[in-house]
Amino acid sequence: MEIDDLYQTIILDHSKRPRNFGELPPPAVKGEGYNPSCGDEIAVFVSESPTGTIEQIRFNGQACAICMASTSLMTTQVKGKTTAQALGLKRVFIEFLTKEAAPANGLGNLQAFGGVKKFPQRLKCATLGWHALAAALGNCGQ
Amino acid sequence: MAIDLLAHDYRGDFPILDQKVNGFPLVYLDNAASTQHPVCVIDEIARYYREDHANVHRGIHALSSRATKLYEDARIVAAQFLGAASSESIIFTRGTTEGINLVASSWGSAHLSPGEIILITEMEHHANLIPWQMIARRTGASLQYIPIHGDEGTVDWSLLDQRLKENPVRLLAFTHISNSLGCINPVREICTTARRHGVVTLVDAAQSAGHAPINVQELGCDFLVFSGHKCCGPTGIGVLYGNPELLADLEPSQFGGEMISRVTYESAEWKSGPHRFEAGTPHIAGAVGLASALEYLENIGRSAIRHSDHHFGRVAYEKLSALPGIRILGPKTERAGLVSFQLGTIHAHDLVAYADQFGVAMRGGHHCNQPLMRKLGLQATARASFYFYNTESEIDRLVDVLWDAIRYFGD
């Protein structure tokens, strides 16, 4: 059934039991994402190690299953990565969702969101957490 | 035993409903967002373009005079539809939103002063909220709200008289039927109270014009707005009714061709009547299609449509109430034909996407009611909204798909 392409098992799992859910106190930095079409809000908290990698990451907010799962899976994927690596993964992920035959290099579990290609109106849901991450990383070191 | 009051006779007029979506027969329950079109409306728009189209009010030739006649006849149909004394009170707009914006900028900028109050309710659609925020900012008037209480969205209208007596309220704008609560506001009583205090009224009839009998003279409102596409007509066309006394000295807010009587390089004078609010070439085919839609609805009878709406609203409320964890907004009784709800912890977008996979079309989101949703502690709801061509078995399809969704998304 097509609906199962969108809501793959791993997506339903992460939406019901989001990983790294919560907040981080300062000096961790915070980035926010907002989807005006549905009112979904995601805040991502990041603290960096002295070597510039993402040491801790958490998120909170209220959002649909796609958005919750995408953000949850994102947090598990970018932990330990540098800012450049995390933003690179964001770019690969968005291209994977928006371009025909885009490579899925290094996406791992995130490939579960391939079903979003058939539901373009859910693209924003799948990427909101990533935009919040980019906002948080942009606030790092400021 | 299911009672389909009107679908038996009229559903066949709507070709779009006879299709499968994702392999299932379409169940169209997004009528509060936009209704579908009977074949007579579709045919009339096509006929107009095939046979009669030209620009209006300026040509001498046959097509232009035919188009002008159709356009002005549509104004008469709209006037009759609203019970207006004269078609001079009918201004064609792009829709409800443009109608409210016109009143806010034209009436508001001429009549509102610092310290005066624009009063609206907390249940207003963004279209009946943001224009007032903007004109309040421009004029120094203040925008105040009539509170609603609880998920039922109850308003204590008995407090209105006192509030209008004690405060410098100039304008009261409110919705007839709330697009997210489904409650029906007592328009006539509200307008009577407002008029007693010399307060100008604007009624947002977007959700009611095609769903209930409306007579602006009986209601006693000063302005009333609605959109064609929520009552079987085309998009891009709507109506603003204005009380003739108020329209008489209302300045237009858009300028150009069609709306002038005399122009020099230095200045211009406006046409009298509704035409001075219709700058530029209007949506002629839209008005023609709208007239066809309004006549179609009048033929069915809006009392019958209201009866059907209330029946569906009641049946849907009862059947959905049996679902575990459901939170339904709006009144338990006296509700219009729409049900807005949250189902357990399932996000509205997931629910709507899921239902769509089984051919059930609903709306999910904040329904252009962000402040109301925030007040109720909600981000979004799913909404099923009905029209006379729906059937009770479609409500059963909705309930079935919601049960499936609970199993699918549940723990």
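The values are calculated or read from the model by the stated rules, or taken from the named source; none is laboratory data. Just so it is clear, the model here is predicted, and its values are computed rather than measured. Cβ atoms come from the backbone with ideal geometry, glycine included; neighbour counts cover every protein chain shown.
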### Message
Among the residues in the range A:95-105, are any under 12 Å from the mean Cα position of the chain (by Cα), away from chain B (no Cβ under 14 Å) and among the aromatic types (F, W, Y)?
### Response
no
### Query
In this structure, is B:H311 surrounded by fewer than 24 Cβ atoms within 10 Å (Cβ to Cβ), within 27 Å of B:V21 (Cα to Cα) and either touching a helix residue (DSSP H, G or I) at 6+ places or on another chain (Cβ under 9 Å) or within 14 Å of another protein chain (Cβ to nearest Cβ) (or both)?
yes
### Task
Return the only residue of B:G337, B:G364 being facing chain A (nearest Cβ under 9 Å) and not basic (K, R).
B:G364
### Task
From B:G365, B:G359, grab the single residue that is of a type outside the set (S, T, N, Q) and farther than 22 Å from B:G12 by Cβ.
B:G365
### Query
Taking the stated definitions as given, is B:E258 assigned by TED's automatic domain parsing to the domain that holds B:V200, touching a Ser or Thr at 6+ places or on another chain (Cβ under 8 Å) and at pLDDT below 90?
yes
### Query
Considering only the range B:172-224, how many residues are more than 23 Å from B:S142 (Cβ to Cβ) and at pLDDT 95 or above?
30
### Query
When you go through A:K30, A:K79, A:K16 one by one, which is the residue that is at the interface with chain B (Cβ under 8 Å from one of its Cβ atoms) and either touching a His at 6+ places or on another chain (Cβ under 6 Å) or not hydroxyl-bearing (S, T, Y) (or both)?
A:K16
### Task
Go through the range B:175-200 and count every residue that is touching an Asp or Glu at 6+ places or on another chain (Cβ under 7 Å), under 20 Å from B:G153 (Cβ atoms) and part of a strand (DSSP E or B).
2
### Candidate set from the range B:45-69 (those that are over 20 Å from B:E278 (Cβ atoms) and basic (K, R)); member that is nearest to the chain's Cα centre (by Cα)
B:R47
### Residues (under 19 Å from A:Q8 (Cβ atoms) and aliphatic (A, V, I, L, M)) located in the range A:66-88
A:I66, A:M68, A:A69, A:L73, A:M74
### Task
Within the range B:342-361, identify whether any single residue is in a strand (DSSP E or B), more than 12 Å from every other protein chain (Cβ to nearest Cβ) and closer than 20 Å to B:G150 by Cβ, and answer yes or no.
yes
### Message
Restricting to the range B:63-86, name every residue that is of a type in the set (S, T, Y) and without any contact (Cβ under 8 Å) to a residue 60 or more places away in the chain.
### Response
B:S64, B:S65, B:T68
### Query
Do we find that A:F59 is surrounded by 21 or more Cβ atoms within 10 Å (Cβ to Cβ) and in contact (Cβ under 8 Å) with a residue 60 or more places away in the chain in this structure?
yes
### Summary
Restricted to the range B:211-248 and to residues being without any contact (Cβ under 8 Å) to a residue 60 or more places away in the chain and in a helix (DSSP H, G or I), the residue surrounded by the most Cβ atoms within 10 Å (Cβ to Cβ) is B:L219
#### Entry: Output for the range B:315-338, where each listed residue is part of a loop (DSSP other than H, G, I, E, B) and closer than 23 Å to B:S208 by Cβ
B:L329, B:G330, B:P331, B:K332, B:T333, B:E334, B:A336, B:G337
### Message
Residues to consider are A:I10, A:I3, A:I42; find the one that is in contact with a Leu (Cβ under 8 Å, 6 or more places away or on another chain) and either in a helix (DSSP H, G or I) or within 11 Å of another protein chain (Cβ to nearest Cβ) (or both).
### Response
A:I10
### Query
So which residues in the range B:316-364 are without any contact (Cβ under 8 Å) to a residue 12 or more places away in the chain and within 22 Å of B:V21 (Cβ to Cβ)?
B:A353
### Message
Restricting to the range B:160-191, name every residue that is in contact (Cβ under 8 Å) with a residue 12 or more places away in the chain and either aromatic (F, W, Y) or more than 30 Å from B:Y387 (Cβ to Cβ) (or both).
### Response
B:L160, B:D161, B:R163, B:L164, B:K165, B:N167, B:P168, B:V169, B:R170, B:L171, B:F174
### Message
Here is a check on your reading of the model: is A:P50 within 17 Å of A:L137 (Cα to Cα) and either touching a Pro at 6+ places or on another chain (Cβ under 7 Å) or away from every other protein chain (no Cβ under 14 Å) (or both)?
### Response
yes
## Note on the structure
In the range B:350-377, anything of a type in the set (S, T, N, Q) and over 18 Å from the mean Cα position of the chain (by Cα) is listed as B:Q357
### Message
Just to be sure I understand the filter: pairs with C-beta atoms under 7 Å, separated by 6 or more residues or on different chains, first member in the range A:62-79 and part of a strand (DSSP E or B), second member surrounded by fewer than 24 Cβ atoms within 10 Å (Cβ to Cβ). Which pairs pass?
### Response
A:Q62/A:E41; A:Q62/B:Q379
### Task
Considering every residue within the range B:384-402, establish whether at least one is within 14 Å of another protein chain (Cβ to nearest Cβ), crowded, with 19+ Cβ neighbours inside 10 Å and under 24 Å from B:P147 (Cα atoms).
no
## Note on the structure
Note on B:R138: of the conditions (1) in contact with a Ser or Thr (Cβ under 8 Å, 6 or more places away or on another chain); (2) surrounded by 15 or more Cβ atoms within 10 Å (Cβ to Cβ); (3) more than 30 Å from B:A291 (Cβ to Cβ), unmet is (2)
### Sole exception among (1) in a loop (DSSP other than H, G, I, E, B); (2) in contact with a Ser or Thr (Cβ under 6 Å, 6 or more places away or on another chain); (3) not hydroxyl-bearing (S, T, Y) for A:G106, by number
(2)
